[in-house]
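Undergrad: Please find one structure pasted underneath; my questions will follow.
Every number in this text was worked out from the coordinates using simple rules, so none of it is lab data. Every value quoted in this text rests on a predicted model; they were computed, and no experiment measured them. No Cβ is skipped: glycine too gets one built from the backbone with ideal geometry, and neighbour counts run over all protein chains shown.
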Amino acid sequence: MHTYTNAELAGIFQTIADLLEIKGENIYKILAYRRAAESLNNLAENVNDVAQRGELQAIPGVGKAIADKISELIDTGRLQFLDNLSEEVPLSLVELLRVPDLGPKKAALFWKKAGITSLPELEEAARRGKLRELPGVGEKSEARILAGIEALAHRTTRIPLGRAYPLGKQLVEWLRSQPGIASAELAGSLRRMRETIGDIDLVAATENPQRIMAAFIEHPLVEKVYAQGVTKTSVELRGGIPAQLWLHPPAEFGTALQYATGSKEHSVRLREIAQDQGFSLSDRSLLFPDGKEVFLGTEAEVYAAVGLPWIPPEIREDRGEIQAAKKGQLPDLVEPGDILAELHTHSTWSDGQASIREMAVAARERGYKVLAITDHSASLGIAGGMTAEDLRRRKVEIDQVQAEMGDTLQLLQGAEVEILADGRLDYPDDVLAGLDIVIASLHTGLRQGREAATRRVVSAIQNPHVDILGHPTGRLIPEREGADLDMEAVFSAARQSGTALELNANPARLDLSDVYARRAKELGIPLSVNTDAHAPDQYSLLFYGVATARRAWLEPQDILNCWEPGQLRAWLRARGEKRA
Ligand code: DGT
Ligand code: CA
Ligand code: ZN
């Protein structure tokens with residue numbers, strides 16, 4: 001028996017489809033594999049369980065041929081069909097398809113006419129000007145391919161927080177459930193909640209490291225072991241994510257956790273302070289010149305030993321936190337429980353998956369006092385944007401749900417309005433004036449030059465009807481950089497018009513970033529942390545937004561969503577009066 005995740009099986013069928021396409025097979029056959037892959041990716045249940053019940057063919061897109069292949073993989077860990085296929089078409093050709101704009105036809109051409117079978121060979125041929133000699137290629141597309149390969153190489157291999165966190169959390173909980181574990185915590189950049197992480201660091205306290213390490217490398221999430229030691233073991237998790245576990249005796253847990261949490265820059269400062277006070281601080285202990293060694297079981301004791309209050313992990317970046325701690329001026333960082341309002345959500349009136357009532361009930365369950373429904377405006381056709389007439393009809397429904405909620409939840413009539421290519425908004429002023437709250441966002445044309453993009457965003461900020469600029473840069477982690485904006489110009493416009501800037505909590509966005517959000521706060525610009533939920537279960541993404549807000553040193557008063565409903569409504573009303 002071999003177990004596969006749904007994503008792993010989907011990946012195998014995608015590879016088969018890619019190879020068949022490079023080979024030049026019948027398109028229907030190729031599409032059948034792609035459809036099966038997609039269906040496996042969307043399957044809620046683990047495919048191994050479906051296989052055990054003998055119900056593989058009940059999965060959409062999985063017929064007898066593909067069901068047999070899944071069974072063969074689960075039974076034997078191999079697939080004869082793929083082995084045979086890769087004898088004909090080298091597997092490494094699939095790498096070529098990662099290059100932007102390089103499809104299977106081109107890959108087949110490079111392979112058959114130039115003998116290229118891998119990405120390094122393609123790069124070499126492009127550098128030597130060999131590709132342009134091939135039919136239908138030319139100098140221009142050769143240059144484009146080379147640029148594409150370079151972009152791939154620079155593409156960050158860091159892991160988005162939203163992918164790493166659930167895995168890290170699962171491993172910490174597993175550690176805590178092991179006998180002989182006194183405590184276990186995330187460490188490194190994951191505990192500091194950076195937007196991307198290099199690897200998952202875990203620290204645990206135990207008197208029996210051998211046994212724990214032996215169990216760790218047998219954990220079902222662990223795929224490969226890079227290096228195994230008694231105090232530190234490095235592994236690769238499923239999906240290619242590196243992780244390491246550090247084990248220390250409970251008496252040393254404080255220094256160990258502090259060290260492994262970092263950041264390195266922060267810890268270097270801490271060590272300097274220790275030196276100044278005449279002892280050295282390591283991951284194991286405090287060491288005094290007379291040879292005396294002191295062990296500390298908690299982080300708070302470590303900070304206290306250097307004369308500081310405990311510093312929250314999210315701000316341990318040597319960005320002024322040690323100076324602030326010394327002066328007793330650490331910020332009173334926002335916490336998830338401080339959030340009273342969700343101001344950016346979608347319903348089935350645009351591209352959301354739930355009704356206004358469902359969104360409202362779930363918001364109330366989370367303890368929110370205010371919920372804004374901000375469906376997309378008309379021009380974002382792919383997202384089912386609303387016309388002015390739709391807005392009128394939606395108002396009736398929102399009013400109805402409001403009546404049901406009574407005073408347990410205040411609903412705001414809102415919209416997420418497209419900023420058009422020329423900086424105008426997608427609704428005329430009289431329509432905007434009829435809304436309680438307006439978010440303006442960019443979704444298209446992000447690749448404009450800096451000047452044009454900045455002008456567009458600034459003119460949206462200056463529109464007196466706009467209350468919040470939604471996900472300001474439009475970046476997507478890890479694949480898309482945001483618009484090229486002159487952020488100082490954006491901040492200065494927001495400060496002048498009092499417009500709030502969003503910190504979108506979706507871990508694929510986290511936009512504004514920690515650094516920009518902190519800058520906005522320094523300039524006195526209000527921020528708004530929202531999940532942009534398209535379904536009730538996405539409200540839980542708030543956690544990532546609050547973590548990023550903490551990295552930005554934000555306190556509850558800096559964030560609209562933490563204000564009492566009366567204060568929030570007064571702010572919105574005052575903006576409304578200015579524009580009336
Ligand atoms: P990452 O994984 O690249 O997102 O970033 P980190 O911060 O998790 O760094 P990583 O995984 O290389 O190391 C984990 C922690 O170990 C780091 O946050 C602090 C500590 N550490 C690593 N190298 C050093 C070092 O040379 N000096 C000190 N003081 N601490 C270090
Ligand atoms: Ca790390
Ligand atoms: Zn949205």
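Undergrad: Quick check on segment 6-154: what are the equivalent-ellipsoid semi-axes from the Cα gyration tensor, as sqrt(5λ), descending, whole Å?
TA: Largest first, segment 6-154 gives 34, 14, 13 Å.
Undergrad: How about segment 152-217: which trypsin sites (Lys or Arg not before Pro) there are in a DSSP loop, with at most 11 other Cβ atoms within 10 Å of their Cβ?
TA: Arg155
Undergrad: Something else: So, counting K/R as plus one and D/E as minus one, what does the shell of residues with Cβ under 12 Å around Gly63 add up to?
TA: Details: positive: Lys29, Arg35, Lys64, Lys69; negative: Asp68.
Result for the local shell: +3.
Undergrad: Where does segment 92-245 land on Rg/Rh, using Cα atoms and the Kirkwood Rh?
TA: On the Cα set of segment 92-245, Rg over Rh gives 1.19.
Undergrad: Give the span of segment 280-412's Cα atoms along each principal axis, as three whole-Å numbers ordered largest to smallest.
TA: 80, 33, 25
Undergrad: Go ahead and estimate [θ] at 222 nm for the chain from helices alone: -39,500 (n - 2.57) per DSSP H run with n ≥ 4, summed, over the residue count, rounded to 500. Mind showing how you got there, number by number?
TA: On the way: 23 runs with 254 residues, N = 580.
Using -39500 (n - 2.57) per qualifying helix, the result is -13500 deg cm²/dmol.
Undergrad: I need the fraction of alpha carbon pairs in segment 1-69 separated by more than 15 Å, rounded to a whole percent.
TA: The calculated P(r) of segment 1-69 puts 49 percent of pairs beyond 15 Å.
Undergrad: Right, something else. I need the trypsin sites (Lys or Arg not before Pro) found in segment 505-580, filtered to DSSP loop residues with at most 16 other beta carbons within 10 Å of theirs.
TA: Hits after loop and neighbour filter: nothing returned.
Undergrad: Of the peptides 271-277, 282-288, how do they stack up when ordered by the mean number of other Cβ atoms within 10 Å, highest first?
TA: Packing proxy ranking, top to bottom: 282-288, 271-277.
Undergrad: Work through the residues other than Lys23 whose Cβ is under 13 Å from its Cβ and net out their charges, Lys, Arg +1 and Asp, Glu -1.
TA: Spelling it out: positives minus negatives among the neighbours equals -2.
Undergrad: Mind checking which lysines have their C-alpha under 23 Å from Lys369, skipping anything on the same chain fewer than 8 residues away?
TA: Filter leaves Lys395.
Undergrad: Calculate log10 I(q)/I(0) of segment 519-580 for q = 0.15, 0.19 Å⁻¹, where I(q) comes from the Debye formula with a single equal point scatterer on each Cα and nothing for solvent.
TA: -0.56, -0.83
Undergrad: I'd like to know how segment 336-579 sits against the 2.2 N^0.38 Å rule of thumb: what's its Cα Rg over that expected value?
TA: Dividing the Cα Rg of segment 336-579 by 2.2 N^0.38 Å gives 0.91.
Undergrad: Please express the Cα-Cα pair-distance distribution P(r) of the chain as a list of whole percents, one per 20 Å bin, running from 0 to the bin with the greatest distance.
TA: Going out from 0 Å in 20 Å bins, the chain shows 17, 42, 36, 4, 0 percent.
Undergrad: While we're on this one: With both partners inside segment 160-326, how many of the DSSP beta bridges are antiparallel, as a percent to the nearest 5?
TA: 80
Undergrad: Counting DSSP beta bridges with both partners in the chain, what percentage is antiparallel, nearest 5?
TA: Numbers: 26 of 57 bridges.
Bridges in the chain that DSSP calls antiparallel: roughly 45 percent.
Undergrad: Principal axes first, then extents: for the Cα atoms of segment 160-326, list largest minus smallest coordinate on each axis, whole Å, largest first.
TA: The principal-axis extents, from largest down, are 46, 34, 24 Å.
Undergrad: Checking the table Lys106/Lys140; Lys69/Lys224; Lys292/Lys327; Lys264/Lys521; Lys224/Lys264 against a 19 Å threshold on Cα-Cα, which pairs fail?
TA: Lys69/Lys224; Lys292/Lys327; Lys264/Lys521; Lys224/Lys264
Undergrad: Restricting to DSSP loop positions (anything but H, G, I, E, B) with no more than 16 other Cβ atoms inside 10 Å of their own Cβ, which GluC sites (Glu not before Pro) remain in segment 454-503?
TA: Glu479, Glu481
Undergrad: For labels at Arg78 and Gln52 in the simple 7 Å Cα→Cβ model, what's the distance in nm?
TA: If labels sit at Arg78 and Gln52, their model points lie 2.6 nm apart.
Undergrad: A further question on this structure: Taking 0.36 nm per residue of sequence separation and subtracting the Cα-Cα distance, how much length would be gained by fully extending the chain between Glu87 and Phe295, in nm to one decimal?
TA: Value of the extension gain: 68.9 nm.
Undergrad: Could I ask something else about it? May I ask for the net charge around Ala388, where only other residues with Cβ less than 13 Å from the Cβ of Ala388 are counted and Lys, Arg are +1 while Asp, Glu are -1?
TA: Around Ala388, the charge tally is -2.
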